[in-house]
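The values are calculated or read from the model by the stated rules, or taken from the named source; none is laboratory data. If you're wondering where the values come from, they're calculated on a predicted model, not measured in any experiment. Reconstructed Cβ throughout: ideal geometry from the backbone, glycine too, with neighbour counts over all protein chains shown. Each accessible area value is taken on the protein alone, full model and side chains, heavy atoms only, with ligands, DNA and RNA left out. Shrake-Rupley method; radii C 1.70, N 1.55, O 1.52, S 1.80 Å.
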Amino acid sequence: MFGGQLRSLHLSNLNIPLRRLQNILRACPNLRSARITQNLTCYGEEVESLPVVVVMPHLRSLRLRGSRAMQFLLENVRTPTLSRLDVEWDQRNDCVTLFPYLEAFLSQSPSVEELILRDVIPTEDALMRLILNNAHITRLVITMSWGPGYVITDRTFDLLKECRVLPQLDKLVIHGGLDVKDEVIAAMIASRSEPHLLSGSQAPTGTRLNHVLLSRGIPMASDVVAELERRYPGASISGGKRFLYQA
């Protein structure tokens, strides 16, 4: 009865069937923000009989944390004006299982600008595909705590050197999972900070990258840091285990 008046919804530490969650969302069509951080219960007999897709036309911010049951939420909710998506999976195997559903969800959320992914990326190929398919992202935050393997290598940063990829990217934060050469990181920053160096098909049409934070576990080489400081005297640069570049 009063769901239409709600603008924000936070469901936490609750075990409820998916059907009930969908009914709650259907009753709150004017939500601007939602946080669903719970272990949703999913009964086999309910999966095929879930209600039709729920459209949240005004939802701007969505935080999801859970496990495999989130598949059915990603499949059955549409957020055409969503600008901020924050996703976290509870189990490592969920990365592989749920990533295709996350990709499909993003393809139907063309307004997402800020994307926060916590233990979501299964492989580097998956990450690169996501980057290529979501050109509207301006702030990208990735956390990888599963370790000890490395998922993000020079390949991803070589891709990001192309300013046609994520042309509006302003902020890049990556915690863990990194195995990228210092020189490749510096080259990526240069390609997005000095557009006059690029020409032809690589000519940038978007935003300058202003913030880079990388938690790598090893400090950046002093000579690479010194070169960055020389090229960008007005920037704040720290070459420690948490590399920071702030234009």
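Couplings 3J(HN,Hα) of region 90-107, computed from phi: 7, 10, 4, 5, 5, 4, 6, 5, 8, 4, x, 6, 5, 4, 5, 4, 5, 5 Hz, in residue order, whole Hz [Karplus 6.51 cos²θ - 1.76 cosθ + 1.60, θ = phi - 60°; x for Gly and Pro]. Exposure check, 1.4 Å probe, all protein chains in place: S222 carries approximately 100 Å² of accessible surface.
Report, for the chain, the % of DSSP beta bridges that are antiparallel, rounded to 5. Present the calculation step by step, with values, prior to reporting the outcome.
Working: 8 of 49 bridges.
Counting DSSP beta bridges with both partners in the chain, the antiparallel share is about 15 percent.
Taken about its Cα centre, region 106-182 carries a charge dipole of about 120 debye when Lys and Arg each add +1 at the Cβ and Asp and Glu each add -1 at the Cβ. Computed on the chain, with alpha-carbon pairs under 8 angstrom and 6+ residues apart, the relative contact order is 11 percent.
Taking only DSSP H segments of four or more residues, each worth -39500 (n - 2.57), what value at 222 nm results for the chain once the sum is divided by all its residues, to the nearest 500 deg cm²/dmol? It lands at -8500 deg cm²/dmol. Phi angles across region 62-73 convert, under the Karplus curve 6.51 cos²θ - 1.76 cosθ + 1.60 with θ = phi - 60°, into 3J(HN,Hα) values of 9, 10, 10, 9, x, 10, 4, 4, 4, 3, 6, 6 Hz, Gly and Pro given as x. Among the trypsin sites (Lys or Arg not before Pro) found in region 108-146, not one is both in a DSSP coil and sparsely packed, with 15 or fewer other Cβ atoms within 10 Å of its Cβ. Here each label is just a point 7 Å from Cα along the line to Cβ, and for R68 and K161 those points are 4.1 nm apart. Residues of region 125-145 falling in the label zone of T97, defined by backbone nitrogen less than 18 Å from a point 7 Å along Cα to beta-carbon, are absent.
The calculated FRET efficiency for L9 paired with T207, based on their beta-carbon distance and R0 = 30 Å, is about 0.40.
How much length would be gained if the chain were fully extended between S83 and V141, taking 0.36 nm per residue of separation minus their Cα-Cα distance, in nm to one decimal?
This chain segment gains 19.5 nm when fully extended.
Shape of region 59-177 from the C-alpha gyration tensor: oblate (a/c of 1.5 or more and a/b not above b/c, with a ≥ b ≥ c the square roots of its eigenvalues). With both labels modelled 7 Å from their Cα along Cα-to-Cβ, the I16 to N30 distance reads 2.0 nm. Could you calculate the contour length gain from V52 to D90, that is, 0.36 nm times the residue separation minus the distance between their Cα atoms, to one decimal place in nm? Gain in length upon complete extension: 11.0 nm. Rounded to whole numbers, the Karplus 3J(HN,Hα) couplings from phi for region 173-188 are 10, 9, 10, x, x, 9, 9, 10, 5, 4, 5, 6, 4, 4, 5, 5 Hz, using 6.51 cos²θ - 1.76 cosθ + 1.60 with θ = phi - 60°, and x at Gly and Pro. Extending each Cα 7 Å along its Cβ direction at R230 and L132, get the distance between those two points in nm, one decimal. The two pseudo-label positions are separated by 3.6 nm. GNM remark for the chain: springs join alpha carbons under 10 Å apart, and the peak mean-square fluctuation among L132, L64, L115 falls on L132. Taking Cα atoms only, the orientation of helix 222-231 departs from the longest principal axis of the chain by about 90 degrees.
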